[in-house]
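K.L.:
Can you keep this structure in mind? I'll have questions shortly.
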Amino acid sequence: MYFIDVQGTLISDVDKSPIAGSCEFLEHLNKENIPFMVITNNTKNSSKKFYNFLHSIGLEFSFDKYLDPLMVLEDRVEKDAVAAYGAPEFLDNLQSMGYELNYTSPKTVLVAIKADFTSEEFAQMIEFILAGAKLVGMHETSIYAKNSKRYPGVGAILKMLEFATSSSYEVIGKPSTAFYEESLQKLQQQVQDAHFADVTIISDDVKGDLGGAKELGMQTVFVTSGKYKTADEIVPFLDEKLRPDFVYKDMLDILMHHNRKM
């Protein structure tokens, strides 16, 4: 059974088209009745809108096999007095969910991703955190890939703010244990006695997704179709205990080899 990432794994970071083998891999899982969850750190689109987009480009799976951070946010962050940072679409999503954006005296500093964070925004976040606001990340991605460039991900920004303020932070999406536990609970609707040890997770974010998953006992598969051009860019520098169990080029490569190795 599988947890499957989206950006850089199922769809291209460049044009959002399906990566080679993505549609076929899901078709194989559906045909063989293999349990799986599609788990993404999407925050720019509403959950249903992003799911519908994935469905429209040929990725066939039901909505009950989909999970993103927006779907669990209300259980983790109160709606009043939130200073949110991220793409305009993310801020729109928050307001449509009833969150009160407050950049005067917030209770929570909530960070998602965008390419053009400014020093002034970082300074504002630091002031709010030092004044007692809780720091929360929508996810903990290591790198944000867009327009053939690689930017610091939310995880990197959270680490910077943690160092600057000596304050800890919480994470809503991957690779938080709470998010993976929610994913497992939804997987258990497909197979009642599923455990983390039964799950193979596939992602292009070997630090932001796979490390936390490996600590929970999942088997990890790193694909080099997204954030990293080759495994040599990152794998040799990881703690040996957190290195991926398998490395493949893309979903097509997995589809061609997984019956022999996985």
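K.L.:
Only one of N42, N52 is assigned to a loop (DSSP other than H, G, I, E, B) and either assigned by TED's automatic domain parsing to the domain that holds A194 or touching a residue at least 12 places away in the same chain (Cβ under 8 Å) (or both); which? Lay out the reasoning, then the answer.
P.N.:
Working: N52 fails: assigned to a loop (DSSP other than H, G, I, E, B).
Criteria check complete, one pass: N42.
K.L.:
Return only the number of the condition from (1) in a loop (DSSP other than H, G, I, E, B); (2) in contact (Cβ under 8 Å) with a residue 40 or more places away in the chain; (3) more than 23 Å from G212 (Cβ to Cβ); (4) of a type outside the set (D, E, K, R) that N93 does not satisfy.
P.N.:
Exception for N93: condition (1).
K.L.:
Sticking with this one: I'd like the full set of residues that are crowded, with 19+ Cβ neighbours inside 10 Å and of a type in the set (G, A, S), limited to segment 173-193.
P.N.:
G173, S176, S183
K.L.:
For segment 140-196, which positions are basic (K, R) and under 21 Å from E121 (Cβ atoms)? Lay out the reasoning, then the answer.
P.N.:
Here is the first cut: in segment 140-196, the residues basic (K, R) are 146, 149-150, 159, 174, 186.
Those that are basic (K, R) and under 21 Å from E121 (Cβ atoms): K146, K149, R150, K159.
K.L.:
Right, next: Within segment 217-262, how many residues turn out to be out of contact with any Pro (no Cβ under 9 Å at 6 or more places or on another chain), in a loop (DSSP other than H, G, I, E, B) and surrounded by fewer than 19 Cβ atoms within 10 Å (Cβ to Cβ)?
P.N.:
The qualifying residues number 7.
K.L.:
Now for a different question. Before we move on, is A87 closer than 22 Å to R150 by Cβ, of a type outside the set (V, I, T), in contact (Cβ under 8 Å) with a residue 40 or more places away in the chain and assigned by TED's automatic domain parsing to the domain that holds K229? Before you say what the answer is, go through the steps one by one.
P.N.:
Numbers: closer than 22 Å to R150 by Cβ: yes; of a type outside the set (V, I, T): yes; in contact (Cβ under 8 Å) with a residue 40 or more places away in the chain: yes; assigned by TED's automatic domain parsing to the domain that holds K229: no.
Judged against the criteria, A87 is not a match.
K.L.:
Identify all residues within segment 206-250 that are closer than 18 Å to I39 by Cβ, in contact (Cβ under 8 Å) with a residue 24 or more places away in the chain and out of contact with any strand residue (DSSP E or B) (no Cβ under 7 Å at 6 or more places or on another chain); write none if there are none.
P.N.:
K207, G208, G211, G212, E215, L216, S225
K.L.:
Examine segment 136-146 for a residue that is assigned to a helix (DSSP H, G or I), farther than 24 Å from M1 by Cβ and in contact (Cβ under 8 Å) with a residue 40 or more places away in the chain, and state whether such a residue exists. Lay out the reasoning, then the answer.
P.N.:
Just the residues of segment 136-146 that are assigned to a helix (DSSP H, G or I), to begin with: none.
Checking segment 136-146: not a single residue is assigned to a helix (DSSP H, G or I), farther than 24 Å from M1 by Cβ and in contact (Cβ under 8 Å) with a residue 40 or more places away in the chain.
K.L.:
Do you know which residues across segment 147-172 are assigned to a loop (DSSP other than H, G, I, E, B) and buried (at least 19 other Cβ atoms within 10 Å of the Cβ)?
P.N.:
Going through segment 147-172, the residues assigned to a loop (DSSP other than H, G, I, E, B) turn out to be 147-148, 153, 166-168, 172.
Those that are assigned to a loop (DSSP other than H, G, I, E, B) and buried (at least 19 other Cβ atoms within 10 Å of the Cβ): G153, I172.
K.L.:
Within segment 103-140, track down each residue that is at pLDDT below 95 and crowded, with 23+ Cβ neighbours inside 10 Å.
P.N.:
I113 - this is the single residue of segment 103-140 that is at pLDDT below 95 and crowded, with 23+ Cβ neighbours inside 10 Å.
K.L.:
Starting from residues that are farther than 26 Å from G217 by Cβ and touching a residue at least 24 places away in the same chain (Cβ under 8 Å), keep the ones in segment 163-180 and report whichever is nearest to the chain's Cα centre (by Cα). Give the derivation first.
P.N.:
Step one: of segment 163-180, the residues farther than 26 Å from G217 by Cβ are 163-167.
Remaining after also requiring touching a residue at least 24 places away in the same chain (Cβ under 8 Å): 164-165, 167.
On the way: A164: 24, T165: 25, S167: 23 Å.
Only one residue tops the list, namely S167.
K.L.:
Being at positive phi and out of contact with any Pro (no Cβ under 9 Å at 6 or more places or on another chain): is that true of G8 here?
P.N.:
Values: at positive phi: yes; out of contact with any Pro (no Cβ under 9 Å at 6 or more places or on another chain): yes.
It is true that G8 is at positive phi and out of contact with any Pro (no Cβ under 9 Å at 6 or more places or on another chain).
The values are calculated or read from the model by the stated rules, or taken from the named source; none is laboratory data. Given the structure is predicted, the values throughout are model-derived calculations rather than measurements. Positions of Cβ are backbone-derived with ideal geometry, glycine not excepted, and every protein chain shown enters the neighbour counts.
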